[in-house]
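Inspection log for the structure reproduced underneath, given as structure tokens.
The values are calculated or read from the model by the stated rules, or taken from the named source; none is laboratory data. Worth saying up front: this structure is predicted, and the values here are computed from it rather than measured. Note: ideal-geometry Cβ built from the backbone for every residue, glycine included; neighbour counts use all protein chains shown.
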Amino acid sequence: MNTLGRHLVADFHGCTADLNDPQVVMGALEQACEIAGATIVDRSGHHFSPYGVTAVIVIAESHLAVHTWPEYGYAAVDLFTCGTSVDTWKAFEFVKSAFGATRVEVREFQRGLLSEAEIRAAESYGSAAAA
């Protein structure tokens with residue numbers, strides 16, 4: 001069995017960074033992409049009133065996303081990468097450090113768990129598409 005991607009879903013508590021500053025939040029995600037070896041395709045973000053930030057970076061290998069509750073020092077972090085070229089855990093460790101999280105809960109999900117039959121079908125799909 002093989003998987004197509006790794007998905008880390010994390011809760012960061014006790015964050016000391018300014019989670020109400022869109023530049024701080026987006027900057028952390030951008031640097032995490034660089035450190036992890038991800039290819040940035042697009043960025044989107046929103047600053048809520050009176051506080052809270054949502055930031056999403058679309059990468060060639062999937063996405064990194066954060067939603068913050070500055071009043072609680074909390075950030076919901078979602079890091080999903082496909083393939084083997086990106087180190088999702090390096091991105092995780094960087095964002096954790098950048099946000100100054102003091103308590104972290106993280107779950108890792110293997111996405112796209114493939115059977116041998118599905119892998120063989122995909123190989124033949126590539127051959128048929130090229131013809």
### Query
Is one or more of the residues making up the stretch 48-66 at pLDDT below 95 and farther than 19 Å from Val24 by Cβ?
no
### Task
Could you grab me the full set of residues in the stretch 1-57 that are β-branched (Val, Ile, Thr), closer than 27 Å to Leu113 by Cα and assigned to a strand (DSSP E or B)?
Val9, Ile40, Val41, Val56, Ile57
### Query
Of the residues that sit in the stretch 24-36 and are buried (at least 16 other Cβ atoms within 10 Å of the Cβ) and of a type in the set (Gly, Ala, Ser), which one is nearest to Lys90 (Cα to Cα)?
Ala36
### Query
Tell me, which residue of the stretch 37-69 that is out of contact with any strand residue (DSSP E or B) (no Cβ under 6 Å at 6 or more places or on another chain) and farther than 23 Å from Gly83 by Cα is surrounded by the most Cβ atoms within 10 Å (Cβ to Cβ)?
Trp69
### Query
Out of the stretch 80-119, which residues are over 15 Å from the mean Cα position of the chain (by Cα), more than 21 Å from Gln31 (Cβ to Cβ) and of a type in the set (Val, Ile, Thr)?
Ile119
### Summary
Checked against (1) over 23 Å from Asn20 (Cβ atoms); (2) part of a helix (DSSP H, G or I), Lys96 satisfies every condition except (1)
### Task
Among the candidates Glu116, Glu93, single out the residue that is loosely packed, with under 12 Cβ neighbours inside 10 Å and either hydroxyl-bearing (Ser, Thr, Tyr) or closer than 21 Å to Arg6 by Cα (or both).
Glu116
### Query
What residue, of Ala75, Ala121, Ala101, is surrounded by 14 or more Cβ atoms within 10 Å (Cβ to Cβ) and outside any loop (DSSP other than H, G, I, E, B)?
Ala75
